[in-house]
Amino acid sequence: METKFSNHLSVKRTIHANYHYSFWAFFSITSLWVIYLTQHGMSLIQVGLLESIFHVASLLFEVPSGTLADRFSYKTVLIMGRIMAILSGFLFLSGAGFWWFALAFIIQAFSYNLNSGTNEALIFETLKTDHLEKHYLKITANLNAIYELADMLGLIVAGFFVHWHFELTYVIYIFTSLLAIIAILRMQEPHSSTTSETDSPTSFATILKTSWQFMTSHPVTTGLMLFLACYEAIGTTYFFYFQTLMTHYHFSGWQISMIIVIAACFNILGAKSAPTLENHWSKRRLIVGLVCLMIVGLLLSIFQHILILTGCFVLIGLVTAVVEPIFNDFLQQQIPSNARATLLSVMSMMFSLVMIALFPVVGALITWLQFGTTFFIIGICLLFIGLIIYADHFMKV
């Protein structure tokens with residue numbers, strides 16, 4: 001009885017420490033990097049190429065980084081991720097050209113991938129040791145709310161530095177990475193993770209084989225992974241290119257911060273509402289509704305008015321924040337423990353593939369057709385695909 005009680009306290013401490021880690025790791029002080037790069041002489045084409053380099057590197061690093069988390073300690077992998085983040089911060093501070101920034105993006109991609117899937121897997125395995133898996137969705141919703149809060153506060157701070165010593169944002173980034181490492185050290189490694197590391201570690205080949213077998217035998221889950229990757233890629237692309245729109249309209253630092261605060265508040269509400277929405281509607285209805293809202297936001301972008309475009313920015317950020325915890329909960333329940341981090345990394349790998357193709361194309365289209373027209377075309381494409389899927393389903397019925 002005493003052991004069970006102490007285990008429960010250990011789980012609670014680890015979850016709280018993870019909340020602290022997540023806040024500092026996702027404190028998005030550098031999320032206005034598009035503006036930062038353009039201030040340092042990068043053209044929009046070069047910005048697009050750097051983002052592609054980031055995702056190519058992310059694609060190459062994704063499965064190996066997830067495999068490290070499956071084979072070794074989750075905490076060790078998370079600490080390595082923050083060390084890479086610190087190194088990339090120094091490179092951004094001292095960057096003097098395209099290739100220097102490219103190296104910074106490559107190292108930042110490795111940092112991102114070391115966290116990708118690993119943090120979620122650590123949480124789920126921690127709950128599993130005390131048979132508390134049913135609380136995972138609630139904790140995931142809390143984590144997403146923390147991500148959004150950290151994102152909001154980081155962007156607010158970054159907004160005020162846009163026209164005054166913007167380099168200080170990367171100094172703060174290095175400091176918050178150190179705070180994240182301190183939070184990691186306070187966590188306790190899940191028993192299943194430490195056991196696999198010390199007793200009989202699973203080989204890399206076995207982990208990858210397990211992941212491939214699961215994906216081929218669960219096409220629906222694999223399809224949902226791909227859907228989530230496409231959905232998030234569109235939302236991410238809209239967010240980053242909206243930065244260029246703000247600079248085009250000569251927004252001041254406080255105006256950038258104000259827009260970000262409004263969007264982030266809606267994102268937090270969306271992330272926190274995920275469990276409630278799932279209690280009232282089926283996953284199928286939620287998916288259809290979220291896709292429809294995304295399409296509405298994209299189609300309304302055709303109106304070249306900054307107030308309408310800002311509203312679309314808020315709407316697309318909101319629906320993107322809602323969809324993530326819902327899909328994460330479902331996918332975690334489907335994935336075997338011995339390959340959880342790897343399969344979640346595969347999901348992030350899909351995101352990288354979509355971004356590699358989408359981001360440069362959108363950048364080129366914005367150059368030729370402007371921001372609103374470009375995303376209107378994407379909305380038309382999504383609407384067309386949705387109608388085909390609906391018609392196919394209707395014909396089968």
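Couplings 3J(HN,Hα) for region 28-41, derived from phi with the Karplus relation 6.51 cos²θ - 1.76 cosθ + 1.60 (θ = phi - 60°), are 7, 5, 10, 5, 8, 5, 4, 5, 4, 5, 5, 5, 9, x Hz, where x marks Gly and Pro.
To the nearest 20 Debye, how big is the dipole of region 226-344 about its Cα centre, given +1 on the beta carbon of each Lys and Arg and -1 on that of each Asp and Glu? Write down the numbers at each step before the final one.
On the way: 5 positive and 4 negative charges, 35 e Å.
For region 226-344, the charge dipole is close to 160 debye.
Extending 7 Å from Cα along the Cβ direction at A96 and again at H163 yields two label points whose distance is 3.0 nm. Taking the charge dipole of region 2-396 about its Cα centre, with +1 at Lys and Arg Cβ atoms and -1 at Asp and Glu Cβ atoms, the residue from L114, I385, I366 reaching farthest to the positive side is I385. Normalised by residue number, the volume inside the convex hull of the Cα atoms of region 217-276 is 83 Å³ per residue. Net charge in the neighbourhood of E148 (other residues with Cβ under 15 Å of its Cβ; Lys, Arg +1, Asp, Glu -1) is -2.
What does the charge add up to near A263, with Lys and Arg as +1, Asp and Glu as -1, over the other residues with Cβ less than 11 Å from its Cβ? Before the final figure, lay out each step's value.
Values: positive: none; negative: E148, D151.
Spelling it out: positives minus negatives among the neighbours equals -2.
Sorting 264-275, 75-86 by their mean Cβ neighbour count within 10 Å, with the most densely packed peptide first, gives 75-86, 264-275.
Summing +1 for each Lys or Arg and -1 for each Asp or Glu among the other residues whose beta-carbon sits under 15 angstrom from that of F101 gives -2.
Note on region 2-396: dipole from Cβ charges, positive end direction compared against V314, S43, T276; the farthest Cα belongs to T276. With contacts taken as Cα pairs under 8 Å and at least 6 residues apart, region 2-396 reaches a relative contact order of 28 percent.
Please get the size of the charge dipole for region 2-396, origin at its Cα centre, with Cβ charges of +1 on Lys and Arg and -1 on Asp and Glu, quoted in debye to the nearest 20. Write down the numbers at each step before the final one.
Values: 17 positive and 19 negative charges, 86 e Å.
Computed charge dipole of region 2-396: roughly 420 debye.
The Rg/Rh ratio of region 2-396, with Rg taken over Cα atoms and Rh as the Kirkwood radius over Cα pairs, comes to 0.96.
FYI, it's all coordinate maths here, none of it is from the lab. Computed from a predicted model, the values in this text were never measured in an experiment. All Cβ positions, glycine included, derive from the backbone under ideal geometry; neighbour counts span all protein chains shown.
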